[in-house]
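Asker: Just dropping this structure here.
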Amino acid sequence: MADIDPDTPVYSIGVVKEMTGLTRRQIRYYEEEDLVKPARTDGNQRIYSENDIERLKEIKELLANGLNIAGIQKQLGKVSELEKEKQKKQQKKDIEFADKLSKVSTKKLSSLYPVSNRADLAKLLNEEENGIE
DNA sequence: CTTCTGACA
DNA sequence: TGTCAGGA
C-alpha cells in the first residue's frame, strides 16, 4: 500500500553491503568509476535507492562474468552520461511544450493565468492539434 | 557504533 | 582490495 518508489534513496552503505554481497571498498570504488551515483545525506553519508541496489547487482554479475570496469561502463553506461541523456530528453519535451503553448495561447487565450488546471490545458492543446475549433 | 576520504607497510 | 588514520 505504501511502496516506496525505487528512486527514493533509503539504504546506508552497511545495508547495501549486506544486500549486494559487495564490500564497502568495492561499492565506493564503483562510485569513483561512475558506475553508480548514490545520493548523499546529512553528514555526507551515502544513501542508495532500490534502483542503485539493482545496478550494483548487475555490476557484480558482469564482474563475475570476466568483465572489467571499462567493459561495464560500456555495457551499462556511465551514470553521468545517462543523466545527460535524460536531461536532454526532458529539455526537448519542455521546448516542444512551450512551442505548443505559445501557438495556442496567441489564438485562444487572452491570458495564460485563467488556465490553472493542467488537464484543461492538455485538452486545449490536443484540440488545437486536431484542428477542433 | 557507522560512515567518510585519502593513502599505502 | 584490504585496512589504518582522523573526523564527523
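Asker: Could you tell me which residue of the range A:32-49 is nearest to DNA strand B (Cβ to nearest atom), considering only residues that are open to solvent by less than 40 Å² (accessible area, probe 1.4 Å) and within 17 Å of A:Glu83 (Cα to Cα)?
Answerer: A:Pro38
Asker: When you go through A:Gly66, A:Gly14 one by one, which is the residue that is assigned to a helix (DSSP H, G or I), out of contact with any His (no Cβ under 9 Å at 6 or more places or on another chain) and not acidic (Asp, Glu)?
Answerer: A:Gly14
Asker: What number of residues in the range A:18-31 are buried (at least 17 other Cβ atoms within 10 Å of the Cβ) and either on the phi > 0 side of the Ramachandran plot or near DNA strand C (Cβ under 10 Å from one of its atoms) (or both)?
Answerer: 3
Asker: Test A:Lys78 against the criterion of being basic (Lys, Arg), farther than 15 Å from A:Gly14 by Cα, in contact with an Asp or Glu (Cβ under 9 Å, 6 or more places away or on another chain) and away from DNA strand B (no atom under 16 Å from the Cβ), and give yes or no. Full working, then the answer.
Answerer: Numbers: basic (Lys, Arg): yes; farther than 15 Å from A:Gly14 by Cα: yes; in contact with an Asp or Glu (Cβ under 9 Å, 6 or more places away or on another chain): yes; away from DNA strand B (no atom under 16 Å from the Cβ): yes.
Here the answer is yes, as A:Lys78 does meet what is asked.
Asker: To continue, here is another question. So, in the range A:17-36, how many residues would count as being in a loop (DSSP other than H, G, I, E, B) and either of a type in the set (Val, Ile, Thr) or farther than 14 Å from A:Lys57 by Cα (or both)?
Answerer: 4
Asker: State the number of residues belonging to the range A:1-14 that are over 19 Å from the mean Cα position of the chain (by Cα) and either open to solvent by less than 40 Å² (accessible area, probe 1.4 Å) or free of Cβ contacts under 8 Å to residues at least 24 places away in the same chain (or both).
Answerer: The qualifying residues number 4.
The values are calculated or read from the model by the stated rules, or taken from the named source; none is laboratory data. Source: prediction; values computed, not measured. Glycine also receives a Cβ, built like all others from the backbone with ideal geometry; neighbour counts cover every protein chain displayed. Side chains included, ligands, DNA and RNA excluded: accessible areas come from the protein's heavy atoms. Shrake-Rupley method; radii C 1.70, N 1.55, O 1.52, S 1.80 Å.
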